[in-house]
Every structure is written in C-alpha cells, then in structure tokens.
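Presented below is the structure to which this report refers.
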Amino acid sequence: MSIELPDRVLLRPATVPDGGILEGARVLRRLPECVEERPYELFALRPLGRVIGAEIGGVDLAEPLTPALQAELNRALLEWKVLFFRDQRITTAHQRAFAAHWGELETNPFIPQGETEDTTRFTRSATMPAFENIWHVDVTFRPAPALGSVLRLIEVPPVGGDTMWADMAAAYDNLPENVRARIDGLKAVHDFIPGFARFSDPETLSRHQDAFPPVEHPVVRTHPETGRRTLFVNQAFTTHIVGLEREESDRLLRYLFSRAHIPEFQVRFTWRPGSVAFWDNRATQHYAVNDYHPYARVAERVAIVGDRPF
C-alpha cells in the first residue's frame, strides 16, 4: 500500500541547514584513537554520559591525594572531561589543596573573591541574577586560559540550578569534513568585554582593558595531554575569526557555537549538598542553568592556570 505524502514534508532538503543541526547518527568517541579502555583501581567510577561526565566514588577530597591517586584521577579527567564527587565535607582550604595538585591557582578580577584571592564566589539570588547561562569556556580572553576548575556549591537551591557540560572533542569529530578543512589553521579573537559588558560598569571594563587586551587562539586547539582536536570557540568571549569578512565570520561562528547545543555531546549534573565538580576547561564548554529563582544559589570555584592553546 503506497502513501501519498503532502508536498510540505519535502520542503527541507536533506542537507545541513545554515547554522543548524542535522538529525542522524553521531560519532561518539570518548577516548583518543589507539587508547584502550582500562579499569580504575583506586576508586569507583560511574558514567553519567556516553562521552562526557563520570561520578567518582570512594575518594575523600578532604584528604591529601597520593601521587598514584592523583595520576589515576587525572586519567579519568582526560577520559571523561568532567568528574563529579558526592557527599564531600570540604572547606575552601581542602578545595584549593585538591586543585593545586594540577598546578598553580589563578585569580579572576571580574568575579568577587571568596576566602582567598584565588577563590571566586558566585552568589546568585533574586537581587543578584545569574549570567552564566550561556555555553562558554572559562577565561579564554587570557593568553593561557585555565586548565580546569573545581566548583562546589555552598547553598543549593531546592529546585533547579543544574550545570551542563559539552564535550568539544566530540563536537569537532562530528563536523562535516568540509567544515573541518575550512577551520583547521584558522584563528579567532577572544575578548573579555562581550562576556562582562552587560554585568560590569564601564569604569571596571576600562580599568582592565590594558591588562586583558584581545587575544588570538586557534579555532581548533590540540589538547596538550591527549592530542585530540577540540573545537575552541565560545559565545561568551569569541568575537570574530581572523582573516574573514565580518559576515562570513559571524555565519561560521554561529554554526560552530551551535555544536555545544547537541545533547549527545552533553552531560547534565544535579547538585546536592556536598557535591563537587572538576572539569577540563581545555576540552569542554559549560552552562549554568538559570531556573532556580527566587531561591539562592551560592558556589565557590578555584581555577588552575593553563597553557597557551596550540
């Protein structure tokens, strides 16, 4: 029995729409090529997503890490991109000590400090609204953006307030071949002003312009530890692609920004008291869901100094 289809179902051609997302199979490769799956010996690991996100059990972040445990956690971070720890009773000092196993801690002059200069505190309430609900990579306006960040919630709203992460290596893997060929070797400009202009006064922005001039980073960076190619532009701080006319740059960036929106590349984490997240800022974007007002949400973050993307 044949079915006659109305003309309207044939209006969209079977091609990738400009700036859009095409349905169908995705390449979901979590590990770099030629890397074999290995068990973890010093903790339990429960995957929360296909390519990104895992919950770690059996690790107390209030205790110092042994070299063996730090090495295995680093392997898990590289493989899963963001690690989650539940039921942790830690202080700012514990949080800083844990992060410091991965390097020097950085400061951020645009966000209020917590107990120490290298701790940032996000206090969100009905009178202090959130602005992190955009897909972004932290501090790409720096010549050497952060390696990663450790975040803990001090006050968890009774409903809402999740955080999402997207695997930008998977995003790159799934680009059409002609798009990969187009962007490999290109550089883009990153600037702090677009990310903070709506939430900072002009005097603050002007004061930091000399310290944080616009910088160029590869549109596709190579992860310094895994060697994976990773899409490295984000809507908060990337302003344009070097060498392209503005209209073409905007069109291409809109398309690349939309890759973080694909659910197969994402993990979503629901916070509870005592939860901690540790993510690889070189391989991911993240988005703080702003759906918890009028409840308060208070968090502290420490970030680890990274290296210059290449």
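Using the structure shown, decide if Arg182 is touching a residue at least 60 places away in the same chain (Cβ under 8 Å) and more than 24 Å from Val242 (Cβ to Cβ). Don't jump to the end; show me each part of the working.
Numbers: touching a residue at least 60 places away in the same chain (Cβ under 8 Å): yes; more than 24 Å from Val242 (Cβ to Cβ): no.
No.
Out of the range 215-239, which residues are of a type outside the set (Val, Ile, Thr) and outside any strand (DSSP E or B)?
Restricting attention to the range 215-239, the residues satisfying the condition of being of a type outside the set (Val, Ile, Thr) are 216-218, 221, 223-225, 227-229, 231-232, 234-237.
If the condition is that a residue be of a type outside the set (Val, Ile, Thr) and outside any strand (DSSP E or B), then His223, Pro224, Glu225, Gly227, Arg228, Phe232, Asn234, Gln235, Ala236, Phe237 are the ones that fit.
Which of the helices (runs of 4 or more DSSP H) contained wholly in the range 104-207 include at least 2 residues that are more than 16 Å from Gln285 (Cα to Cα)? Spell out the reasoning first.
Working: elements: 168-173, 177-183, 192-196.
So the answer is 177-183, 192-196.
Name the residue that is nearest to Thr270 (Cα to Cα), counting only residues in the range 73-103 that are open to solvent by 20 Å² or more (accessible area, probe 1.4 Å) and charged (D, E, K, R).
Arg86
Output the residues belonging to the range 264-287 that are open to solvent by 20 Å² or more (accessible area, probe 1.4 Å) and either under 17 Å from Ile134 (Cβ atoms) or part of a strand (DSSP E or B) (or both).
Gln266, Arg268, Tyr287
I'm told Asn234 meets every condition in (1) free of Cβ contacts under 8 Å to residues at least 12 places away in the same chain; (2) closer than 24 Å to Ala130 by Cα except one. Can you identify the failing condition by its number?
Asn234 satisfies all of (1) free of Cβ contacts under 8 Å to residues at least 12 places away in the same chain; (2) closer than 24 Å to Ala130 by Cα except (1).
Which residues, counting only those in the range 241-263, are open to solvent by 40 Å² or more (accessible area, probe 1.4 Å) and either of a type in the set (S, T, N, Q) or on the phi < 0 side of the Ramachandran plot (or both)?
Once the filter is applied, which keeps residues that are open to solvent by 40 Å² or more (accessible area, probe 1.4 Å) and either of a type in the set (S, T, N, Q) or on the phi < 0 side of the Ramachandran plot (or both), the range 241-263 yields Val242, Glu245, Arg246, Glu247, Glu248, Asp250, Arg251, Arg254, His261, Pro263.
The values are calculated or read from the model by the stated rules, or taken from the named source; none is laboratory data. Not measured: the values here are computed from a predicted model. Virtual Cβ from ideal backbone geometry, glycine too; neighbours counted across all protein chains shown. Calculation scope for accessible area: heavy atoms of the full protein, side chains included, ligands and nucleic acids excluded. Shrake-Rupley method; radii C 1.70, N 1.55, O 1.52, S 1.80 Å.
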